[in-house]
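Structure first, then comments.
The values are calculated or read from the model by the stated rules, or taken from the named source; none is laboratory data. Quantities reported herein were computed from a predicted structural model and do not represent experimental measurements. When we count neighbours, we look across all protein chains shown, and the Cβ atoms used for this are built from the backbone with ideal geometry, even at glycine. Accessible surface is based on the protein model in full, side chains and every heavy atom, while ligands, DNA and RNA are left aside. Shrake-Rupley method; radii C 1.70, N 1.55, O 1.52, S 1.80 Å.
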Protein chains: 2
Amino acid sequence: MPLEFAITGTDGAARTGVLATPHGEVRTPAFMPVGTLGAVKGVPPAQLRALGAEVMLANLYHLALRPGVDLIEELGGLHAWSGWSGPILTDSGGFQVFSLGHLRQLDESGVTFRSHLDGAALHLAPEDVVDLQRRLGVDVAMVLDECPPWPVTHEAAAASLARTNRWAVRAREEWARQPGPGGLFAIVQGSSFLDLRESSARELAALAFDGYAIGGVSVGEPAAERRAAVEWTTPVLPAERPRYLMGVGYPHDIIHAVACGIDLFDCVLPARNARHGVLFTRGGALKLKGAAFRTDPRPVEEGCGCPTCAQVSRAFLHHLLRWDALTGQVLATLHNLWFYLDFMREVRESIASGTLTELVSRWSI
Amino acid sequence: MPLEFAITGTDGAARTGVLATPHGEVRTPAFMPVGTLGAVKGVPPAQLRALGAEVMLANLYHLALRPGVDLIEELGGLHAWSGWSGPILTDSGGFQVFSLGHLRQLDESGVTFRSHLDGAALHLAPEDVVDLQRRLGVDVAMVLDECPPWPVTHEAAAASLARTNRWAVRAREEWARQPGPGGLFAIVQGSSFLDLRESSARELAALAFDGYAIGGVSVGEPAAERRAAVEWTTPVLPAERPRYLMGVGYPHDIIHAVACGIDLFDCVLPARNARHGVLFTRGGALKLKGAAFRTDPRPVEEGCGCPTCAQVSRAFLHHLLRWDALTGQVLATLHNLWFYLDFMREVRESIASGTLTELVSRWSI
């Protein structure tokens, strides 16, 4: 199997381990910074590595539009082109089926996007999506799915899910016919319905994917529904394969999911919030553009090991975020990504030492 | 004297040496990256140091408006506030007398700016300008001068120059009364007039400043006039003190000035051009947003030691500059600053080894 996954420790349902990919190992539970277009905004690849990131997420839909998969393949694949030599997971475009709702049409054959840039049509069949990710040379490819909006009726969710699972079968067959260098993950949908989540997880597990994702969360649903979806779905997924909760989230949501047995996470939150001047700390988020920080000589977080806290005060970061967006956004992003990656280190250590419960209680809200 | 300047080698009129400041040594000839608001746009202090920068330039006028000198002083001075622990030179606001022409009024007492941000009035007397720089704790403070526009009549240039030199006397006296931790540089004006440049240089030299700048260039004049001003003025300036050519410029202008005996340079060009996608190379500037670079797998410059060329191709930088401004501008800025700083290393080595003529002929246009 191209993706070896070794669980090295457990604490309740939580596990810590190592996912070995063609481009290196990822210690789990892991957070994957989002580099939609091939780079995390403001963070060149060497700096991303220096922050402790072991895997980056990119987005097939966006890369297919610009610069196009043909070009990336011609230039040696996504790793060579982007300069990020570590493991890469690409999202399939399924989330864009949700987020670009007015710009796409779905039918049994797949999805047709109207480019959000120039309106050009882009048709993606489930087979195309895995082929394109194979040609990008990614370590983890995702199947094409439909991510329904929230709320949705049981009937609509069931119909959508049935098609998503038929697409997963086609993707699995295509991948078996011509596999990529890495692995292929399935995506469990089913919205807020226990029966759909469970049946989908069982159906997909039977297809022996390299890993399994929980999708259809972070689409506007209440936290309790998001958590329920994780609690229902995770135990049904094969224990020996990596599990990925897509697009989640805040630390308190991540740690809840870790306790349920999730291994991989991605979210735009740390980088996007940073660009808006919102900095994460263990004491809560700070809105650094606020006047109170103008004269605050302390680092963003006392004791933080990030390059930002080592270099500048809250006062100077406040000044930069207000008047020098480029430098301010870069420094804020470095802090927030460090915060998330450091939090995941703490999560892994807690599982290894059997003290996750304490960490969960410290972070739960 | 707070600024020790040791000349360690010469080649014709060119010299190489070391300027020792309260915050460390600067090898000359040196290029000072421009951090108008306390940081070079997109380059946190540790990265600026890693690029090889030994001194940064900031701007009193801009810092006086935001966040204000009171606040910076309260937070420990410009070094502590900005996180840049190396030497800092601040421009006095004289260039803004030129660039914000419609927003300021001049009289014998000094200059009154209307803030370009909110219209608030800011009056700066020559004495205020040195006091404010002393309170910032900078290593090199500049006198307040009037930078006349180009072209200007001899009569107007002479009148402006006379006032600038009267201001210099007042600044020198104020600095003697209450000196800052570093040194104070005078600024020679005189536009394109040989007699004015020479008389101004003689007058200021007699006042025993810690260093001397040539101002009033890079204001729209033809290259030949700019070069003539340098050729006329430099020999009149005290040989044992550092000489600074303000706001210049392209490498071919810098190397001409070095050959005349200039030691310090600053310019927004490398960083500003980078943000617009124009990258410097020894083979000429590349407009990286051009379609030709979309598929170019080479680094910006073969053999370049900068972090950008080590990480990404022209093709990926083209993609970022078009679609991910934050990352693209950061990577482009890193390359261009490295290019300038590396060029100055080459300049220093050429002077030390007596081979500057070869370098001049390679760079002259």
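To the nearest Å, what is the center-to-center distance of the stretch A:283-345 and the stretch A:141-180, using C-alpha atoms only?
Measuring centre to centre over Cα atoms gives 40 Å.
Cβ under 15 Å from A:G17's Cβ, A:G17 left aside: what net charge do those residues give with Lys, Arg +1 and Asp, Glu -1?
With Lys, Arg at +1 and Asp, Glu at -1, the neighbours total -2.
Give the peptides A:46-55, B:96-105, A:31-40, B:283-292 in descending order of average Cβ contacts within 10 Å, highest first. Display every interim value, and only then the final one.
Working: A:46-55: 20.1, B:96-105: 16.1, A:31-40: 24.8, B:283-292: 13.6.
Highest mean packing first, the order is A:31-40, A:46-55, B:96-105, B:283-292.
Determine ³J(HN,Hα), in whole Hz, for all residues of the stretch B:296-305 in sequence, where each value follows from phi through the Karplus function 6.51 cos²θ - 1.76 cosθ + 1.60 and θ = phi - 60°; x replaces Gly and Pro.
Ordered by residue, 3J(HN,Hα) equals 8, x, 6, x, 3, 9, 4, x, 5, x Hz.
Which aspartates and glutamates, on any chain, are close to B:K289 with Cα under 15 Å apart, when same-chain ones fewer than 8 places away are left out?
B:D324
If you take the accessible area of A alone plus B alone and subtract the pair, what total do you get in square angstrom, rounded to 100, with a 1.4 Å probe?
So the buried area, both faces added, is about 3200 Å².
So, with +1 on the Cβ of K and R and -1 on the Cβ of D and E, and no other charges, what is the size of the charge dipole of the stretch B:82-171 about its Cα centre, to the nearest 20 debye?
The calculated dipole for the stretch B:82-171 is roughly 40 debye.
Would you mind listing the distances between the A:I7 label point and the same position in each other copy? Use 7 Å along Cα-to-C-beta, nm, one decimal, shortest first.
Its label point is 7.5 nm from the equivalent points in the other copies.
With the Cα gyration tensor of the stretch B:114-219 giving a ≥ b ≥ c as the square roots of its eigenvalues, does the rule (a/c under 1.5 for rounded; else a/b larger than b/c for prolate; else oblate) give rounded, prolate or oblate?
Since a/c reaches 1.5 but b/c is at least a/b, the shape of the stretch B:114-219 is classed as oblate.
Going by a 4.7 Å Cβ-Cβ cut-off, which cysteines of chain B have no partner at all?
B:C147, B:C260, B:C267, B:C306 - these cysteines have no disulfide-compatible partner (Cβ-Cβ under 4.7 Å) in chain B.
Please report the relative contact order for the stretch A:247-308, taking Cα pairs under 8 Å with a sequence separation of at least 6, and give it as a percent rounded to a whole number.
22
Could you tell me what percent of the DSSP beta bridges with both partners in chain B are antiparallel, to the nearest 5? Numbers along the way, then the final one.
Values: 23 of 45 bridges.
Antiparallel: roughly 50 percent of the beta bridges in chain B.
Give the nm distances, rounded to one decimal, from A:L117 to the matching residue in every other copy, measuring between label points 7 Å along Cα toward the beta carbon; shortest first.
3.6
Between A:T153 and A:E346, what FRET efficiency follows from the Cβ-Cβ distance if R0 is 51 Å, with the result rounded to 0.05? Can you show the working numbers first?
Working: r = 41 Å, r/R0 = 0.80.
FRET efficiency, A:T153 to A:E346: 0.80.
Once every DSSP H run of n ≥ 4 in chain A is given -39500 (n - 2.57) and the sum is divided by its residues, what mean residue ellipticity at 222 nm do you get, rounded to the nearest 500 deg cm²/dmol?
Here the helix-only value at 222 nm equals -12500 deg cm²/dmol.
Find every distance from the label point of B:T357 to the corresponding label point in the other copies (7 Å from Cα along Cα→Cβ) and write them in nm, one decimal, shortest first.
8.4
How would A:E203, A:E302, B:E127 rank on accessible area, largest to smallest, probe 1.4 Å?
Descending accessible area places them as A:E302, A:E203, B:E127.
Near B:R135, within a Cβ-to-Cβ distance under 11 Å, what is the net charge of the other residues, with Lys and Arg +1 and Asp and Glu -1?
Summing Lys/Arg as +1 and Asp/Glu as -1 gives -4.
For B:C147, what is the net charge nearby, where nearby means another residue's Cβ is under 13 Å from its Cβ and Lys, Arg count +1, Asp, Glu -1?
Within the 13 Å Cβ shell, the charges total -2.
What is the gain in length, in nm to one decimal, between A:H116 and A:E302 on full extension, counting 0.36 nm per residue of separation less the C-alpha to C-alpha distance?
Using 0.36 nm per residue and subtracting the Cα-Cα distance, I get 62.8 nm.
Output the peptides B:130-142, B:212-224 sorted from most to least packed, where packing is the average of other Cβ atoms within 10 Å over each peptide's residues.
Ranked from most to least packed, the peptides come out as B:130-142, B:212-224.
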